[in-house]
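S.K.: Here it is: the structure, laid out below.
Values quoted throughout were computed directly from the atomic coordinates according to the rules given, and no laboratory measurement underlies them. Here the structure is a predicted model, which is why all the values come from computation and not from measurement. Heads up, the Cβs are rebuilt from the backbone with ideal geometry, glycines too, and the neighbour counts pull from every protein chain shown.
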Amino acid sequence: MSSKVRLVVPEAPSPQTVAATETRAVAIGAGIRLGILDNSKGNADHLLKFIVEGVKAVLPVASVVSLRKDSVSLPAPADILDRLVAESDYVITAMAD
Amino acid sequence: MSALAQLLQAPGASIDADGDFDAVNALVMEKGWGDGLPVVPPTEARVAAMLEYCDRPWDQPVAKIPPRWGEATPLRLAANAVMAGCEPRYFPLYLLAIEAMCEEPLNLYGVQATTHLCAPLVIVNGPVARELNVNAGHNAFGPGHKANASIGRAIRLALLNIGGAIPALGDMSTFGSPAKYSYLVAENEAESPWEPLHVERGLPREASAVTVIGAECLHNVNDHESLDGEGVLTTIAGTMATAGSNDIYYKAQPLVIMGPEHARAVAAHFSKAEAKRFLQQHATLPVGRLSRDNIERRVKVTFKDRLSNPKPDDVLYAVQRAEDLLIAVIGGAGKHSAFVPTFGATLPVTRALKTADGRLAQSVEDFRRR
């Protein structure tokens with residue numbers, strides 16, 4: 001029979017788990033404010049256009065703010081993220097691979 | 001109670017388990033902590049021995065590893081180093097490599113999460129490379145040397161366990177790569193006719209350092225026939241420019257690895273800077289080698305100033321500027337070199353090995369707790 005050992009956990013928890021539990025109440029009555037982040041992948045613009053049309057078909061949409069980041073491979077800069085936070089209730093981004 | 005035992009009282013820092021080797025490995029697999037190979041159990045005693053070579057606070061993050069942005073504390077890194085089979089004296093170099101690859105220019109988030117098959121390549125320079133017997137010679141990228149194999153593996157385990165580069169969740173690579181198991185070598189400074197890579201990149205010769213590159217696997221350049229340096233460089237240039245490379249679209253900094261024999265042939269007539277200029281000018285790809293859609297949707301967009309209406313004979317460059325090309329001398333005997341393309345949206349990072357008080361380390365023993 002083997003003995004017990006104490007193992008050091010090699011894993012780090014995800015800090016985003018905490019952020020994901022936060023909620024923000026959104027009133028849909030007057031229409032949602034939709035944010036679009038185009039990641040500049042090929043076809044992302046087409047994909048997002050279709051998605052926006054699909055959302056508009058099933059939900060009232062008060063406004064759409066559509067922004068595009070310059071690099072596929074780098075995170076969106078702070079000014080784009082700040083504007084999306086300020087002007088959107090929901091944000092849709094594209095993978096497009 | 002020891003300092004480590006106190007840290008392990010924190011929630012989630014440790015786990016009690018059946019001490020049997022197979023049971024520990026079953027637990028590691030169940031938790032998703034491994035790379036698929038058996039690991040050395042990261043027991044408290046083994047981690048304590050690893051941390052004897054760490055002069056930083058053991059519970060303070062030295063970096064945050066994307067895409068999870070997990071906090072890389074020496075404690076967690078030590079657990080991963082134990083699992084990978086590292087000797088404790090490897091720990092300072094391992095920690096340095098992690099710090100370097102988390103610097104912003106490397107864009108580790110992109111390197112980790114992309115569908116591309118890149119991985120961080122670590123090139124070690126300086127006296128610590130020799131002290132730890134990091135292989136720079138024959139089969140430098142292959143098996144057989146404990147430092148290369150285990151430090152490289154420990155890096156991958158940290159990228160998985162701390163960074164969350166879990167295949168198909170945080171790491172979306174279409175193919176993955178053998179380089180995602182271990183990708184660490186030293187430069188063969190003894191056989192190089194030029195100054196070492198870390199010196200070229202601004203560090204003192206006596207420094208030990210790592211240079212990290214968001215790289216593909218190396219692609220061989222066989223040239224047994226050229227009798228002079230220009231011939232060798234022509235063959236290397238002909239290997240560099242390919243239609244599927246990310247580097248042709250970015251201000252990237254790819255790597256040419258010269259085997260010592262090729263390097264000597266080139267150095268007979270070229271300085272390193274001259275060799276870079278030759279390669280930049282000759283590593284070209286005619287636009288006509290690309291598909292019509294790639295020309296329309298990438299070339300015309302990316303190079304709108306120069307190639308808004310390209311002709312088939314107009315050229316794209318494997319590297320945009322000569323000074324962006326990296327050259328390192330690695331390997332043993334044989335008339336081979338290699339080209340290492342990059343992820344493109346990444347820049348290499350070189351960092352010197354320093355003790356916590358900022359001194360250049362002369363030896364890994366400088367980090368040992370007295």
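S.K.: Express in whole angstrom the spacing between the alpha-carbon centres of segment B:154-198 and segment B:213-288.
M.R.: Computed from Cα coordinates, the inter-centre distance equals 21 Å.
S.K.: Identify all lysines with a Cα-Cα distance to B:Lys311 below 21 Å; exclude those on the same chain that are fewer than 8 residues away in sequence.
M.R.: Partners within reach: B:Lys300.
S.K.: Mind listing the long-range amide H neighbours of B:Gly70? Cut-off is under 5 Å, sequence gap 5 or more, other chains count too, H placed in the peptide plane at 1.01 Å from N.
M.R.: Residues meeting the criterion, in which the H sits 1.01 Å from N, are B:Ile65.
S.K.: Which of B:Asp313, B:Asp55, B:Asp324 moves the most in a Gaussian network model of chain B with Cα springs under 10 Å?
M.R.: Result: B:Asp313 has the largest fluctuation of those listed.
S.K.: Connecting C-alpha atoms closer than 10 Å in a GNM of chain B, tell me which of B:Ser208, B:Ser271, B:Ser291 has the biggest fluctuation.
M.R.: Greatest mean-square fluctuation among the candidates belongs to B:Ser291.
S.K.: Taking only the C-alpha atoms, wrap a convex hull around segment B:33-155 and report its volume per residue in Å³ as a whole number.
M.R.: So the per-residue hull volume is 122 Å³.
S.K.: Read phi for every residue in segment B:314-324 and hand back ³J(HN,Hα) as whole Hz from Karplus 6.51 cos²θ - 1.76 cosθ + 1.60, θ = phi - 60°, with x for Gly and Pro.
M.R.: Working through the residues one at a time gives 4, 10, 9, 10, 5, 9, 6, 10, 4, 5, 7 Hz.
S.K.: Find, to one decimal place in angstroms, the Kirkwood hydrodynamic radius of chain B, where the mean of 1/r is taken over every pair of different Cα atoms and then inverted.
M.R.: 21.5
S.K.: Say the dipole of chain B comes from +1 at the beta carbon of Lys and Arg and -1 at that of Asp and Glu; which of B:Gln112, B:Thr73, B:Pro196 then lies farthest toward its positive end?
M.R.: B:Gln112
S.K.: May I ask for the Rg/Rh ratio of segment A:30-93, computed from Cα atoms with Rh as the Kirkwood radius, given to two decimals? Walk me through the intermediate numbers first.
M.R.: Details: Rg = 11.7 Å, Rh = 12.0 Å.
Checking Rg against Rh, the ratio lands at 0.98.
S.K.: Please report the relative contact order for segment A:30-93, taking Cα pairs under 8 Å with a sequence separation of at least 6, and give it as a percent rounded to a whole number.
M.R.: On the way: 94 pairs, mean separation 35.1, N = 64.
Relative contact order comes out at 55 percent.
S.K.: Using alpha carbon coordinates only, what is the Rg to Rh ratio of the protein assembly as shown, with Rh defined as the Kirkwood radius?
M.R.: Here the Rg-to-Rh quotient is 1.01.
S.K.: While we're here: Residues of B:62-68, mean number of Cβ from any other protein chain within 10 Å of their own Cβ, rounded to a whole number?
M.R.: Numbers: counts 0, 0, 2, 1, 1, 3, 7.
Mean inter-chain Cβ contacts per residue within 10 Å come to 2.
S.K.: For chain B, with a Gaussian network of springs between Cα atoms less than 10 Å apart, report the residue from B:His116, B:His224, B:His145 with the top mean-square fluctuation.
M.R.: B:His224
S.K.: What is the magnitude of the charge dipole of the protein assembly as shown about its Cα centre, with +1 placed on the Cβ of each Lys and Arg, -1 on the Cβ of each Asp and Glu, and no other charges, expressed in debye to the nearest 20?
M.R.: Here the protein assembly as shown has a charge dipole of around 520 debye.
S.K.: Something else about it: For B:Cys118, B:Cys217, B:Cys54, which order do you get if you count the other beta carbons within 10 Å of each Cβ and list the fewest first?
M.R.: Working: B:Cys118 27, B:Cys217 17, B:Cys54 23.
By the 10 Å Cβ count, ascending: B:Cys217, B:Cys54, B:Cys118.
S.K.: Calculate one ³J(HN,Hα) per residue across segment B:23-32 by plugging θ = phi - 60° into the Karplus curve 6.51 cos²θ - 1.76 cosθ + 1.60, and present them in order as whole Hz with x for glycine and proline.
M.R.: For segment B:23-32, the Karplus-derived couplings read 5, 4, 5, 5, 5, 4, 5, 4, 7, x Hz, x marking Gly and Pro.
S.K.: Report the relative contact order of chain B, percent, no decimals, based on alpha-carbon pairs under 8 angstrom and at least 6 residues apart.
M.R.: Working: 754 pairs, mean separation 81.3, N = 370.
Relative contact order, chain B: 22 percent.
S.K.: Right, another one. Starting from the Cα gyration tensor of segment B:221-370, take the square roots of the eigenvalues, sort them a ≥ b ≥ c, and report rounded, prolate or oblate (rounded when a/c is under 1.5, otherwise prolate if a/b is larger than b/c, else oblate).
M.R.: It is oblate, given that a/c is not under 1.5 and a/b is not larger than b/c.
S.K.: Suppose every Lys and Arg Cβ carries +1 and every Asp and Glu Cβ carries -1, with no other charges. What dipole size does segment A:30-93 come out with about its Cα centre, to the nearest 20 debye?
M.R.: Dipole size: approximately 140 debye.
S.K.: Another one. Order by neighbour count: B:Tyr90, B:Tyr181, fewest other Cβ atoms within 10 Å first, most last.
M.R.: B:Tyr181, B:Tyr90
S.K.: If each residue's Cβ is checked for other Cβ atoms within 10 Å, how do B:Arg68, B:Arg156, B:Arg306, A:Arg83 rank with the fewest at the top? Could the numbers behind the result be given before it?
M.R.: Working: B:Arg68 25, B:Arg156 22, B:Arg306 10, A:Arg83 14.
The fewest-first ordering by Cβ neighbours comes to B:Arg306, A:Arg83, B:Arg156, B:Arg68.
S.K.: With point charges of +1 on the Cβ of Lys and Arg and -1 on the Cβ of Asp and Glu, referenced to the Cα centre of the protein assembly as shown, which listed residue (A:Val91, A:Ala12, B:Val319) lies farthest in the positive direction of the dipole?
M.R.: Result: A:Val91, furthest along the dipole toward the positive end.
S.K.: Quote the charge dipole size of chain B about the Cα centre in Debye, to the nearest 20; the model charges only the Cβ of Lys and Arg (+1) and of Asp and Glu (-1).
M.R.: The dipole of chain B has a size of about 680 debye.
S.K.: Give the whole-number value, in cubic angstrom per residue, of the convex hull volume spanned by the C-alpha atoms of segment B:303-370.
M.R.: Dividing the Cα hull volume of segment B:303-370 by its residue count gives 196 Å³.
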